[in-house]
1. Expressed in nm², what is the orientationally averaged projection area of the convex hull enclosing the Cα positions of region 1-47?
2. Please compute, for the alpha-carbon atoms of region 7-93, the extent along each of the three principal axes and give them in descending order in Å.
3. For residue 94 and residue 60, what does the FRET efficiency come to when R0 = 35 Å and r is the distance between their Cβ atoms, rounded to the nearest 0.05?
4. How far apart, in nm, are two points set 7 Å out from the Cα along the Cα-to-Cβ line at residue 82 and at residue 21?
5. Expressed as an acute angle from 0 to 90° and rounded to the nearest 10, what is the orientation of the C-alpha long axis of helix 30-53 relative to the principal long axis of the chain?
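Rule-based calculations on the coordinates, nothing more; no lab input. All figures in this text were calculated on a predicted structure; none of them were measured in a lab. A quick note on method: Cβ atoms are made from the backbone with ideal geometry, for glycine too, and the neighbour counts reach across all protein chains shown.
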């Protein structure tokens, strides 16, 4: 089981200026994401059943919702670095 990222570390640096470093606690958003997921799950199940009864071939909104939450879990450890001559941008998810 993958755990979603708990902390976001952001660094923006510009030559000749002081760099900005932020540590943002993402674990505080986990209860909100869980509540939204619990509210969205019955809606996705009803949409799947209605589309199945209407004869539509693709009715996988419940699977889509589960895969979105799995995607959040897979982002832990992601590191984004953008460098150019004007500034440096680093974003890391722990």
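1. On the way: hull surface 21.3 nm².
Computed as one quarter of the Cα hull surface, the answer is 5.3 nm².
2. Largest first, region 7-93 extends 64, 27, 17 Å along its Cα principal axes.
3. Details: r = 32 Å, r/R0 = 0.91.
With a Förster radius of 35 Å, E is 0.65.
4. 2.2 nm
5. Value to nearest ten degrees: 30.
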